[in-house]
Amino acid sequence: MSLVANAVLLAVLAYLGLHYQQQQERAEQALAQTERSRQELLTLKLELQALLSAESSQLAQLEQQARQLAEQAQQLALYRQVLAPDQGPELMLVQEAIVAQEQAELFGFRLVLLQPGDRAGRIRGQARLQVRALSGDQTVTLDAEQLGVAPFSLDFRHFQMLSGTLRLPPGARGQRLELLLELSGGGRRTLSLNWPGPDNT
């Protein structure tokens, strides 16, 4: 009986060993498949990131080109006004940009003071900025000192660029930008622009 029992035991052990080996092989195959799937997923993620990055770069380039075209159109319109026959106002104020900066209440601006047509003589003098703004429920006038903008010296025949940054008081919302001119010979003028809204800054 002991020989039969031993033979049965050996058979059982052999079966269990074979079964264990098969299970181990299946587990290794499953691990290998999981690793392959992980590598494929990683590759797909990298390819997707590359595609998204390329698309983002193309969109940024398109936006930059659109801005450049808009600026060129503005400049073309400006040059046409400069070269136009004498007509309309003697001096004009043209907005190129009034753009909110990263710091709160800080705005960058680019303005053009323009003498249209072939008018004689140079424009000389000084210009100061001021802004009419809504603070709470009241309209206030902020002068150049409050805005942190130094006066501009003027000396041009056709046009002069005025650029810099200005700061509005906390909570104030610009409504109108005004340029106060003190010209050589005692002339005084005030030119104004509407403050751009959030969708066209």
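Overview of results
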{"read-out": "Within the accessible area of segment 92-194 (1.4 Å probe), percent carbon and sulfur", "value": "44"}
{"read-out": "Principal semi-axes in Å for segment 92-194 [√(5λ), Cα gyration tensor, largest first]", "value": "26, 14, 11"}
{"read-out": "Phi to ³J(HN,Hα) by Karplus 6.51 cos²θ - 1.76 cosθ + 1.60 over segment 27-42, Hz, x for Gly, Pro", "value": "5, 5, 5, 5, 4, 5, 5, 4, 5, 5, 4, 5, 5, 5, 5, 4"}
{"read-out": "Residue 164 long-range amide H proximity, modeled H, under 5 Å", "value": "109"}
{"read-out": "Simple spin-label estimate for residue 145 and residue 48 in nanometres, 7 Å along Cα-Cβ", "value": "6.0"}
{"read-out": "Length released on extending from residue 18 to residue 56, taking residue separation times 0.36 nm less the Cα-Cα span", "value": "8.1 nm"}
{"read-out": "Cut-off under 5 Å, modelled amide H: who pairs with residue 97 long-range", "value": "110"}
{"read-out": "Amide H contacts of residue 159 (H built 1.01 Å from N, under 5 Å, at least 5 apart or other chain)", "value": "115"}
{"read-out": "Gain in span if fully extended, residue 7 to residue 95, counting 0.36 nm per residue against the direct Cα distance", "value": "21.5 nm"}
{"read-out": "Peptide ranges 103-109, 43-49 listed from the most packed, as the mean C-beta count within 10 angstrom indicates", "value": "103-109, 43-49"}
{"read-out": "Sparsely packed GluC sites (Glu not before Pro) within segment 139-189, loop by DSSP, other Cβ within 10 Å at most 14", "value": "none"}
{"read-out": "Equivalent ellipsoid semi-axes - Cα gyration tensor, segment 134-193, angstrom", "value": "26, 13, 10"}
{"read-out": "Around residue 172: net Lys/Arg minus Asp/Glu count, Cβ-Cβ under 14 Å", "value": "+1"}
{"read-out": "Local electrostatic count at residue 148 - Lys and Arg +1, Asp and Glu -1, tallied over other residues with Cβ under 12 Å", "value": "-2"}
{"read-out": "Cα centroid separation, segment 16-61 to segment 107-150 (Å)", "value": "62"}
{"read-out": "Length-normalised contact order for segment 92-194 - Cα pairs under 8 Å, 6+ apart - percent", "value": "32"}
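The values are calculated or read from the model by the stated rules, or taken from the named source; none is laboratory data. Remember, predicted model here, so these are calculated numbers, not experimental data. A quick note on method: Cβ atoms are made from the backbone with ideal geometry, for glycine too, and the neighbour counts reach across all protein chains shown. Note: areas computed on protein heavy atoms with side chains; ligands, DNA, RNA excluded. Shrake-Rupley method; radii C 1.70, N 1.55, O 1.52, S 1.80 Å.
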